[in-house]
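Some notes on the structure that comes next.
Nothing in this text is a laboratory measurement; each read-out follows from the coordinates by a stated rule. Predicted model, so just to flag it, every value in this text is computed and none were measured. Heads up, the Cβs are rebuilt from the backbone with ideal geometry, glycines too, and the neighbour counts pull from every protein chain shown.
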Amino acid sequence: MNLQERLRKYLIMGSQNCQRDSVAILEEAIAGGITAFQFREKGPNALEGEEKLELGLKLRQLCRKHHVLFIVNDDSVLVEPLEADGIHVGQDDMDVEDLRSTFPNKIIGLSVSSEAEVRNSAIDVVDYLGAGPVFGTSTKVDAKAPVGVEWITSVKAMFPDMPLVGIGGITAQNSRSVLVAGADGVSVISAVTHADDVRSVVEQL
Ligand code: 3NM
């Protein structure tokens with residue numbers, strides 16, 4: 001599978017996004033067919049230090065067992081201990097050129113939500129882009145204004161060969177529109193972590 005295919009159904013999650021055991025939720029999401037996972041332990045009520053590492057190790061182990069891509073969100077210190085496949089950063093996180101020199105062989109993902117952000121980013125050193133928030137989201141406290149599926153189409157037009165995922169407010173009901181607009185995959189938090197039937201939602205995505 002190439003990276004485009006591996007990013008097709010991309011669950012992002014930390015314990016703060018879960019109302020029950022996050023390990024169980026990841027197991028169900030894997031059963032439903034996610035292809036990639038991002039460990040994003042961040043924001044209010046997120047674990048830190050040893051507890052964060054311990055949970056990361058459990059989730060990492062599950063992903064390894066089931067050949068699901070494992071990406072760490074914005075924590076370069078955890079990349080090696082968790083043997084992550086890569087790291088994802090936003091515009092206000094670590095600089096992607098520094099990350100590339102630290103991790104020459106890891107997958108690096110970068111979020112972009114505007115043309116200005118694209119202009120100010122070293123797109124040539126990253127392996128995939130996340131574009132959003134496509135729709136309104138209440139999961140990320142400091143999320144920007146929704147950019148719509150049009151932004152997906154614009155980014156794909158600018159970088160046709162770059163793997164691209166949509167993020168923000170994506171659900172089983174609207175995920176098709178994100179793919180039709182040009183995304184290679186959809187990344188989702190609450191639609192999966194808050195689902196009564198996680199497996200079924202992932203299957204529908
Ligand atoms: N990043 P949900 S939006 C983590 O726009 C994150 O870069 C975003 O959560 C961005 O699927 C977002 O519950 C939250 O809307 C996505």
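Taking each residue of segment 187-201 that is assigned to a strand (DSSP E or B) and looking for partners that are near the ligand (Cβ under 8 Å from one of its atoms) and not polar (S, T, N, Q) with beta-carbon atoms closer than 6 Å, six or more apart or interchain, yields 187/12; 187/167; 188/170. Scan segment 118-126 and tell me whether some residue there is surrounded by fewer than 22 Cβ atoms within 10 Å (Cβ to Cβ), within 13 Å of the ligand (Cβ to nearest atom) and of a type in the set (A, V, I, L, M, F, W, C). Looking for residues that are surrounded by fewer than 22 Cβ atoms within 10 Å (Cβ to Cβ), within 13 Å of the ligand (Cβ to nearest atom) and of a type in the set (A, V, I, L, M, F, W, C), one finds none in segment 118-126, hence no.
Residues that are outside any loop (DSSP other than H, G, I, E, B), within 13 Å of the ligand (Cβ to nearest atom) and surrounded by fewer than 17 Cβ atoms within 10 Å (Cβ to Cβ) within segment 127-174 comprise just one, 148. Entry remark, segment 1-48: residues being away from the ligand (no atom under 15 Å from the Cβ), in contact (Cβ under 8 Å) with a residue 60 or more places away in the chain and either on the phi > 0 side of the Ramachandran plot or crowded, with 17+ Cβ neighbours inside 10 Å (or both) number 7 in total. In the set (1) within 13 Å of residue 109 (Cα to Cα); (2) buried (at least 20 other Cβ atoms within 10 Å of the Cβ), the condition left unmet by residue 63 is number (1).
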